[in-house]
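Enquirer: Could you have a look at this structure, given as C-alpha cells, before my questions?
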Amino acid sequence: MKQASLIVVGFLMLLSCQTGSISRKLTEVDSLVFKEEYDSAYQMISSIDETTIKNQEDQAHYNLLKVQTGYLANKPAASPDSLLDEVIDYYQKEGNAEKLADAFYYKAIGFGMRKMYQQAIQYYKKAEKFAEQSRGLYQQYKIAEGICFVNRQCANYNLELYYAKKTLELANRLDNKRRMVYALYELELAYHNLNHEDSSIIILSKIPPLIKYVDKYWLPNLLSNLGYMFMGHNLTEAKKYFHKALSYKEMTAAYEHLAEIAYDEGKAEETYHYLKKALAVPDQTPKDNIIRNLIEYDLEHGKTDSISDMVTQIFEIRDSIEDKLRNDTIKDLQTRFDHETAMHAKDQAIIRWQWGIMILALALLAGIGLYIRRRYLNKIKLQGYQMQINDCLNQIDALKATGSDAQKKIEELNQQISDIMDNRAPGLNKGRVLYDDIVANRDISHWSKEDKTLFLEYYTATNYRTIQQLKAIPREDKLTNHRLVFLILQEMGKSELDILRILSISKETLRTLRHRTKPKE
C-alpha cells in the first residue's frame, strides 16, 4: 500500500513539473512577443508538444500564442478563428480582460486580412473595451492602429484621424520611438486623406529624425512610403527616400514612382530605365501597367526588336517567381501531404501557369500589330479633325476681319467645330477643359500623361501652325510632351512666375527646361 502511494505521489510530481515547464515556456513566448522578437517566439511555440498540455489555462494560453505568433511571424496558424473562439470562451469565464483584448484583437486581424471590415471593426471595438479595462497601453496602441487602418480602407477619414491621433498619444505615453514613427505615418495619411495638406506637411517633417529607430525589416517599406508622401511636396526629398529604400531592397513600387517623377520632369530615357528596373524585380506585384508603358515607349521610338526581348524577360520573371513559390511553400506542404504528391501537384500548377504565360505572351505579340494599326488610324483621323477645326477658326477670323455681316456663317462654323468636338473627337472637349486650367494659371502638376496628351491635341486643333513650328525647330534634347507644354506656356505669354506656379516646379528645374528646349545653334 505504501509503495502504491509513493507511485501516485511521484506521478503527480512529474505531472506538476511538466505543467510548470509548459507554463514557463508560454511565459517566455510572451516575453519574446513583448520584445518584438516574433520569429523566435514563433519557433518556441512551434517546439511545444501540444499533447503535453494538461490543463485548460495552459491550453487557452497556448492557442492564443499560436495564433498571435503566427500572424506576427507572417505564418498564420491553421483555423485561427476556431482556436480563438475556444480562447475567448475560456477567458470570458475567467474574466481575464487582458487576454480577451488580445483574443478579440487577433480575431479582428483575421477578418481584416480577408477584407471583411464590418466584422473586423466589431472585434476591434470589443478588443478596445477590454484593453481599456486592463489598462494595457501597448494593447490600446495596437488596437487603435488597427481601427485606424480599417477606417482608412472604408474611407471613414474623420474616424481615421481620430484613431491616428490616439495612436500617437499612446506611443508618446509608451515612450516608444519606433511606435511614434508608425503613429506619425498613420497621422500623415489621415491628414492627407482629408486634404489637410498643411498639417500633412508638418507631420511629415517629424518622421525623418525618428527613422533610425525603425526595425530593418520594415525600413525599406517605410522609406518607400515616405518617398510617396513627399511626391506631392518635395520631389528632391521623394527621390532621396526612394533611392534609400532601394539600397536596402529591390522594390517594384519604388522604381515605378521614380519613373513617374522622371516622366513628369520630361526625362524619357530615365523613365524607361526605371520602368525596366521595376519589371525586373522578381516579386508578385502586378506588372501590367509597367509592360503597357514600356511597349508604348518602344512603339513611339520604333524599338520593335525590344518588344520580343521584353516577352523573354517576362518568362525570366515567371521562372524566378516559380522558384520562390516552390521554396516558400514546400515546407508547409510537407506538413499536410505526402512529399511526392505535393510536388506533383505543384508541378501541375506550374505547368498551368506556364501555359497561361505563353498564351499571354502570344496574345501580347498578336495584339501589337492591331494596336499599331489602330493607333495609326486614330492618329490620322484626329489630325483630320484638328485641321478641320483649324480651318474653321481661320475662316471665322477672316470673316471677322472683313467687318461684313457674316454672323450666320460664323455660327455655322462654330456649330461645325462643336459637332466635331462633341461627337467625333470627344477627347478634344476634355483637352479644352484642361486648356482652361492653364488660362486660369492653375497648378497642373497633378496632370497624368493622358491629360497632357489631351491638352496638346486640343491646342494643336486650335493652334495648328504654332505647334508645327515648335516641333520643326531642332533642339538640344528631344521634344517630349512635358517640354512641349512648357514651350506652349511661353507662346501663350505666361510670365516666369506663372510658369513656376502652373508646372509647380523650382527655378532650377525651369532653367533645365529652358536649356533642353533651346534651339540648336
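Enquirer: Calculated FRET efficiency, D198 and T52, Cβ-Cβ r, R0 60 Å, to nearest 0.05? Don't skip to the end; give the middle numbers.
Expert: Values: r = 59 Å, r/R0 = 0.99.
With R0 = 60 Å, the Cβ-Cβ based efficiency is 0.50.
Enquirer: So if we plug the beta-carbon distance of E296 and Q468 into 1/(1 + (r/R0)^6) with R0 = 25 Å, what FRET efficiency do we get, rounded to 0.05? Before the final figure, lay out each step's value.
Expert: Working: r = 24 Å, r/R0 = 0.94.
Efficiency at R0 = 25 Å is approximately 0.60.
Enquirer: Please quote Rg/Rh for the stretch 391-521 to two decimal places, taking the Kirkwood radius as Rh and restricting both calculations to Cα atoms. Show your work: numbers first, answer last.
Expert: On the way: Rg = 16.8 Å, Rh = 16.3 Å.
So for the stretch 391-521, dividing Rg by the Kirkwood Rh gives 1.03.
Enquirer: Also, I was wondering about something else. What is the gain in length, in nm to one decimal, between N289 and E270 on full extension, counting 0.36 nm per residue of separation less the C-alpha to C-alpha distance? Walk me through the intermediate numbers first.
Expert: Working: separation 19, 0.36 × 19 = 6.84 nm, distance 1.70 nm.
Difference between extended and current length: 5.1 nm.
Enquirer: Okay, moving on. For Q416 and E36, calculate 0.36 nm times their separation in residues minus their Cα-Cα distance, and state this gained length in nm to one decimal.
Expert: 129.8 nm
Enquirer: Any chance you could run the full-extension gain for R114 through E250? It's 0.36 nm times the residue separation minus the Cα-Cα distance, nm to one decimal. Could you put the intermediate results ahead of the total?
Expert: Values: separation 136, 0.36 × 136 = 48.96 nm, distance 2.71 nm.
Gain in length upon complete extension: 46.2 nm.
Enquirer: What's the percent breakdown of Cα-Cα distances in the stretch 119-160 across 10 Å bins, shortest bin first?
Expert: 32, 52, 16, 0
Enquirer: Once ligands and nucleic acids are excluded and a 1.4 Å probe is used, how much of K129 is accessible, expressed in Å² to the nearest 10?
Expert: 110
Enquirer: Go ahead and collect, in residue order, the members of the stretch 152-171 whose backbone nitrogen is under 11 Å from a label point 7 Å along the Cα-Cβ direction of K129.
Expert: No residue qualifies, since no backbone N sits under 11 Å from the label point.
Enquirer: Follow-up question, since we're still on this one. In whole angstrom, and with the biggest value first, how far do the Cα coordinates of the stretch 83-232 range along each principal axis?
Expert: Principal-axis extents of the stretch 83-232 (Cα, largest first): 51, 30, 25 Å.
Enquirer: Mean projection of the alpha-carbon convex hull of the stretch 48-132 over all orientations, in nm²?
Expert: If I average the Cα hull's projected area over directions, I get 5.5 nm².
Enquirer: Follow-up question, since we're still on this one. Can you pull the accessible area of F34 for me, 1.4 Å probe, Å² to the nearest 10?
Expert: Here the accessible area works out near 150 Å².
Enquirer: Okay, moving on. From largest accessible area down, sort R465, R432; use a 1.4 Å probe on the protein chains.
Expert: R465, R432
Enquirer: Could you compute the FRET efficiency for S82 and C154, with r as their C-beta to C-beta distance and R0 at 35 Å, rounded to 0.05? Could you put the intermediate results ahead of the total?
Expert: On the way: r = 27 Å, r/R0 = 0.77.
After rounding to 0.05, the efficiency reads 0.85.
Enquirer: Keeping all protein chains in place and using 1.4 angstrom, which order do K99, K409, K452, K478 fall into by accessible surface area, from largest down? Before the final figure, lay out the partial values.
Expert: Values: K99 35, K409 90, K452 15, K478 110 Å².
I get K478, K409, K99, K452, largest accessible area first.
Enquirer: In the full protein assembly as shown, how much of T285 is accessible to a 1.4 Å probe, in Å² to the nearest 10?
Expert: Result for T285: roughly 50 Å² accessible.
Enquirer: For H273, H482, what's the largest-to-smallest order of accessible area, 1.4 Å probe?
Expert: Details: H273 90, H482 20 Å².
Putting H273, H482 in descending order of accessible area: H273, H482.
Enquirer: Sticking with this one: Take V439 and S23, extend 7 Å from each Cα along the Cα→Cβ direction, and tell me the distance between the two endpoints in nm.
Expert: Taking the simple label geometry, V439 and S23 are separated by 8.2 nm.
The values are calculated or read from the model by the stated rules, or taken from the named source; none is laboratory data. Worth saying up front: this structure is predicted, and the values here are computed from it rather than measured. Please note: Cβ atoms are built from the backbone with ideal geometry, for glycine as well, and neighbour counts cover all protein chains shown. Calculation scope for accessible area: heavy atoms of the full protein, side chains included, ligands and nucleic acids excluded. Shrake-Rupley method; radii C 1.70, N 1.55, O 1.52, S 1.80 Å.
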